[in-house]
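Chemist: Please find one structure pasted underneath; my questions will follow.
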Amino acid sequence: MKLQGKSVVVTGASSGMGKSIVELFVKEGASVVAVARRKERLESLVESLKDAPGKVVAFSGDVSRKEDDEAMIDLAVKEFGKLDILVNNAGVMDDMAPMAQASDEKYHYVMDINVYGPMAAMRKACQVFLEQGNGGNIINVSSVGSMHQAAGPIYCASKAALNAMSRNTAYMYMKEGIRCNVIAPGSIMTEIGSAMGRPNADGYGRLQSVIGLGPEFGSAEDIANTALFLASDDSSYISGVVLPVDGGWTSF
């Protein structure tokens, strides 16, 4: 088992990529704090993994709140005695509105979850890693939207900011052995699109020429497998990387 004895926090754990990451990590021996807003889904996840080699503890919280970002990491340390890995997976879409129609309300909503949430969690995790003194591992889930026209300007900007924060963190804490990498998924079958609500007709229409050229949708398991690689010792010399997992979408 590649994650035997590892203590992990995973956000956005109630569905899609986050749920698949939790399931795979626990089967690989990790002890995981699974974080999401939907408590009943977390409870179901915990129940489904009760016989797995690792362990799951549910934390119902909102990643846009600093208090919750810090508390979820404190919980991992309390329950498992340490923190080894942070996976910032929780994220939301904008409504694909082009710049002239982008709203302040949507900006703050997306940035609070996609940028401030991971930042607050990374800050707390780095503090814990430095206190522990034996390195650490951060995996942030971004999007091909950070480098490709896959959504509106707010979402694309939020994921580009996450990429930049990640690369900076990898550089700043290189000597302390804290790794930070980014997974940039392409079109993956998850609930994020349906949670977006009705897209802006103008923006969605303009994006069809790009979206329509993409490959078939990938699966949440594709992202989980990539996260396992980055979480394990198999990637011990990899840090500061933004890794597209998109079926080749960003190759054109």
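The values are calculated or read from the model by the stated rules, or taken from the named source; none is laboratory data. Everything numeric in this text was worked out from a predicted model, so none of it was measured. Cβ sites come from the backbone with ideal geometry, for glycine too, and all protein chains shown count toward neighbours. Ligands, DNA and RNA are excluded from the accessible area calculation, which covers all protein heavy atoms including side chains. Shrake-Rupley method; radii C 1.70, N 1.55, O 1.52, S 1.80 Å.
Chemist: Going out from 0 in 5 Å bins, what whole percent of all Cα-Cα distances in the range 136-191 drops into each bin?
Modeler: For the range 136-191, the binned pair fractions read 5, 20, 25, 21, 14, 9, 5, 1 percent.
Chemist: Still on this structure, I have one more. What's the carbon and sulfur percent of the chain's accessible surface, probe 1.4 angstrom, rounded to a whole number?
Modeler: Within the chain, the accessible surface is 51 percent carbon and sulfur.
Chemist: Then there is this: Scan around GLY240 for amide H atoms under 5 Å from its own, H built in the peptide plane at 1.01 Å from N, and keep only partners 5 or more places away or cross-chain.
Modeler: Distant-sequence amide H within range of GLY240: CYS180, ASN181.
Chemist: Starting from the Cα of LYS6, draw a straight line to each of the aspartates and glutamates and keep only those under 13 Å, dropping any in the same chain fewer than 8 residues away.
Modeler: The qualifying aspartates and glutamates are GLU28, GLU79, ASP84, ASP233.
Chemist: Would you calculate the volume per residue, in Å³, of the smallest convex hull containing every Cα atom of the range 119-252?
Modeler: Here the figure is 114 Å³ per residue.
Chemist: Kindly list the residues of the range 221-252 that lie in the label zone of LYS27, defined by a backbone N under 12 Å from the point 7 Å along the Cα-to-C-beta vector.
Modeler: 221-222, 224-225
Chemist: Taking θ as phi - 60°, what are the ³J(HN,Hα) couplings along the range 10-24 by the Karplus curve (6.51, -1.76, 1.60), each to the nearest whole Hz, with x for Gly and Pro?
Modeler: For the range 10-24, the Karplus-derived couplings read 10, 9, x, 8, 7, 7, x, 5, x, 4, 5, 5, 4, 4, 5 Hz, x marking Gly and Pro.
Chemist: Same structure again: Just subtract the alpha-carbon distance of ASP104 and LYS2 from 0.36 nm times their residue separation and send over the number in nm, one decimal.
Modeler: 32.4 nm
Chemist: Grab the other residues whose beta carbon is less than 14 angstrom from that of VAL242, score K and R as +1, D and E as -1, and report the net.
Modeler: Its environment carries a net charge of +2.
Chemist: Could you tally the net charge around LYS50, taking each other residue with its Cβ under 13 Å from the Cβ of LYS50, Lys/Arg +1 and Asp/Glu -1?
Modeler: Cβ neighbours under 13 Å give a net charge of -2.
Chemist: What is the dipole size for the chain, taken about its Cα centre, with +1 at each Lys and Arg Cβ and -1 at each Asp and Glu Cβ, in debye to the nearest 20?
Modeler: 300 debye
Chemist: For the chain, what is the per residue volume of the convex hull drawn over the alpha-carbon atoms, in cubic angstrom?
Modeler: In the chain, the Cα hull volume divided by residue count equals 116 Å³.
Chemist: Using the structure shown, list the pairs from LYS82/LYS124; LYS124/LYS175; LYS55/LYS159; LYS19/LYS39 with a Cα-Cα distance above 23 Å, or answer none.
Modeler: Over 23 Å Cα-Cα: LYS55/LYS159.
Chemist: Leaving out ligands and nucleic acids, note down the accessible area per residue over the chain with a 1.4 angstrom probe, in whole Å².
Modeler: Value returned for the chain: 47 Å² of accessible area per residue.
Chemist: Still on this model: For the full complex of protein chains and a 1.4 angstrom probe, list PHE217, PHE129 by accessible area with the highest value first.
Modeler: If we order PHE217, PHE129 from most to least accessible, we get PHE217, PHE129.
Chemist: What net charge do the residues around SER232 carry, taking every other residue with its C-beta under 12 Å from that of SER232, with Lys and Arg at +1 and Asp and Glu at -1?
Modeler: -1
Chemist: Right, another one. I need the phi-derived Karplus couplings for the range 88-104: 6.51 cos²θ - 1.76 cosθ + 1.60, θ = phi - 60°, integer Hz, Gly and Pro marked x.
Modeler: 8, 10, 4, x, 9, 8, 8, 9, 6, 5, x, 3, 4, 10, 5, 9, 4
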